[in-house]
Structures are given as structure tokens and as C-alpha cells.
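Enquirer: The structure is given below, and queries will be raised subsequently.
The values are calculated or read from the model by the stated rules, or taken from the named source; none is laboratory data. The structure displayed is predicted, hence computed values, not measured ones. Reconstructed Cβ throughout: ideal geometry from the backbone, glycine too, with neighbour counts over all protein chains shown.
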């Protein structure tokens, strides 16, 4: 049985997993349509797997924003695997590609994807960073809804005190998902707002505190100083916190998102990536570039506009979402 068919059977044998795979299949439709068409065209063009085949495959992967460095590593691995298995038929390479894309995430073992670091019997503090316009506030609102639906008491803190309308936007999300928002006036010290958020979370016995921060990249030094100050306040008030520093990136910006990830990783200890608007791009391969080039796990992905469309990242469901049409073609 092919690797892709095994993935499909795995998802179909478990209702909750099938629901997840369906969300990925729907959310990645733009990337899959572009990616599948190009892979199928490539397979139709080349009956044999030769150097020309790999050169064209390289172009397809780069066009999907998998990233040049990642593509080079992937092509080298594919060549070795094709030689090892003595594969000559180009149709068989589709399964090898899907296997290797999953391996970029898992390495040699088949461990489950990494979820959020939520504390069992203590306050969890999650800090969100990212430039303006990437969907940071929307992500916080959606995650608040998700955590609340799991029975957790959640509090939000409006630490982006510089962008006009940021406090109001988070407040609107608070009303929408029925979660309290701790806020000061525009222009206030972000660290002071987050300090008050922590005190409120403690007094209300909250389970999770989600903290928004400013997203100005024009002056990286100021950004670093601001984030460092916020982190010092959190560390002082809550042992071992923040438990997550999540960098929110807009998938539709492609390689620019990778550049932002590198900048923020220099400014603060990013523990995970949230990739928004994955449903709005044909270049979903940026997920793999981020993982391979930064070593930072993608923990959450936005697969649509609905409040329930923020999903825990599942590398196998992601790869299945990319190749679903090809699995159907096999049957």
C-alpha cells in the first residue's frame, strides 16, 4: 500500500482525525490545486525519473515557497531514495515526495506534532508577537474561543498599545467569544498592561492568559527592548513563564514571512509559529521552509475565517491536504 493511501486510511478510520483531515483538505485547496496540477503535469511529461525530471520538480517546489535551501535538501534526499528503491517510473515518485515532506517535520521518528505547552495546575501565559496585519489579534480571539470550549478559564491582555484600534479590536474579540480583556489606554506601557493582566489572571484563578504585543519592525532595537521588558515582567510574576512565545505569520506573504521569522527569533525566544491565512495562498509550502530553515515548529494554522478554523498543526494532515487529489486519482 502506498504511503499516501496509508495516510488516507489512517484519517478515515478515526472520525475526529477525518474531520481534521477534511479541514486541511479544504483549507489547502489553493495550494493543492497548484501543486497537484504541476506534479501531475511533471509525471505526465516524464515517464522516466532522470536529471531533467528533478530539475523541473525543483522549480515546482520553489514555486510553492518550500524555500530554496529546503528544496535542495529535499531533492538530494529524493535522488538517494529513488536510487535506493530502484524507482524508474515517475508515478512512483509522488509517494516518495510525500514521505520526504513528512520527514522534514518528524525527522527519522514518527512522533506526534508538538502542541501548546499548557500547564495542568497553574496559570499558562502565552505571548503573541508578530508584525501588524498578520492576523495576530484574530488568532488570539480564535484561540481564546478554542481554549474556552475546552473548559478553560481564559483572560486576554491588550499589550499592543501603539497601533491605532488594536485595543478596540481585541476588546471586540473578547465580547465575541465572551472572554474578559485587561486593557489600558492607547500609548500606555505594554509591560504595565501585561503586569495588570497577570494580577487579574491570578485573582480570578484563570487557566490561561493570552498576551497581545505591538508589531512594529521599523526599529528592531526598540522592538527587542520592548519585548525583553515584557518578558522580564512575566518571568518575575509567573515562574517559568511565558510558557509559549508564538510568532504569528501571514502565509500569503511567502518568503517575507520567513524573513520576519528570522528577525523575531533574534529579538525574542520564539517557541512556535502560528501561520495564518493558509487557505488564502497557493504557496503553502512556506510551512516546510519555516520548519527546515528555522527549526521552529508550526503549532497552529489558520485554515479559514470562521472562529473554529484555527487548527493545531498536524504535519501528516498537511501533507495529505497537499496530495489528496493524487490519492483519489490512485483509486
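For every residue, the table says whether it meets (1) more than 21 Å from residue 278 (Cα to Cα); (2) part of a helix (DSSP H, G or I); (3) at pLDDT 85 or above.
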residue	(1), (2), (3)
62	no, yes, yes
66	no, no, no
75	yes, yes, yes
82	yes, yes, yes
93	yes, yes, no
99	yes, yes, no
105	no, yes, no
111	yes, no, no
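Enquirer: How about the stretch 31-56: which of its residues are in a helix (DSSP H, G or I), in contact (Cβ under 8 Å) with a residue 24 or more places away in the chain and either within 24 Å of residue 84 (Cα to Cα) or not assigned by TED's automatic domain parsing to the domain that holds residue 89 (or both)?
Expert: As a first pass, look at the stretch 31-56 and keep what is in a helix (DSSP H, G or I): 31-45, 51-56.
Next, only the ones that are in contact (Cβ under 8 Å) with a residue 24 or more places away in the chain stay: 31-36, 38-40, 42-43, 53-54.
Once the filter is applied, which keeps residues that are in a helix (DSSP H, G or I), in contact (Cβ under 8 Å) with a residue 24 or more places away in the chain and either within 24 Å of residue 84 (Cα to Cα) or not assigned by TED's automatic domain parsing to the domain that holds residue 89 (or both), the stretch 31-56 yields 39, 40, 42, 43, 53, 54.
Enquirer: Would you say residue 215 is on the phi > 0 side of the Ramachandran plot and at pLDDT below 90?
Expert: Numbers: on the phi > 0 side of the Ramachandran plot: no; at pLDDT below 90: yes.
So residue 215 fails the test.
Enquirer: Filtering the stretch 240-249 down to residues that are in a loop (DSSP other than H, G, I, E, B) and touching a residue at least 12 places away in the same chain (Cβ under 8 Å), which residue is surrounded by the fewest Cβ atoms within 10 Å (Cβ to Cβ)? Break it down stepwise before answering.
Expert: Quick first cut of the stretch 240-249, residues in a loop (DSSP other than H, G, I, E, B) only: 240-243.
Subset that is touching a residue at least 12 places away in the same chain (Cβ under 8 Å): 241-243.
Working: 241: 22, 242: 23, 243: 20.
Looking at residues that are in a loop (DSSP other than H, G, I, E, B) and touching a residue at least 12 places away in the same chain (Cβ under 8 Å), I get 243.
Enquirer: May I pose another question? Scan the stretch 148-155 and tell me whether some residue there is assigned by TED's automatic domain parsing to the domain that holds residue 228 and crowded, with 19+ Cβ neighbours inside 10 Å. Steps first, please.
Expert: Kept after step one, since they are assigned by TED's automatic domain parsing to the domain that holds residue 228, are these residues of the stretch 148-155: 148-155.
Keeping just the survivors that are crowded, with 19+ Cβ neighbours inside 10 Å gives 154-155.
Yes, the stretch 148-155 contains at least one residue that is assigned by TED's automatic domain parsing to the domain that holds residue 228 and crowded, with 19+ Cβ neighbours inside 10 Å.
Enquirer: Something else about it: In the stretch 172-187, what count of residues is obtained for those that are buried (at least 16 other Cβ atoms within 10 Å of the Cβ) and more than 21 Å from residue 241 (Cβ to Cβ)?
Expert: Qualifying residue count for the region: 3.
Enquirer: Kindly establish whether residue 142 is crowded, with 19+ Cβ neighbours inside 10 Å, at negative phi and out of contact with any strand residue (DSSP E or B) (no Cβ under 9 Å at 6 or more places or on another chain). So that I can check it myself, show each step before the final result.
Expert: On the way: crowded, with 19+ Cβ neighbours inside 10 Å: yes; at negative phi: yes; out of contact with any strand residue (DSSP E or B) (no Cβ under 9 Å at 6 or more places or on another chain): no.
When the stated conditions are applied, residue 142 does not pass them.
Enquirer: Only one of 151, 187, 133, 174 is touching a strand residue (DSSP E or B) at 6+ places or on another chain (Cβ under 8 Å) and assigned to a loop (DSSP other than H, G, I, E, B); which? Working first, answer last.
Expert: Values: 151 fails: touching a strand residue (DSSP E or B) at 6+ places or on another chain (Cβ under 8 Å); 187 fails: touching a strand residue (DSSP E or B) at 6+ places or on another chain (Cβ under 8 Å); 174 fails: assigned to a loop (DSSP other than H, G, I, E, B).
Answer to the selection: 133.
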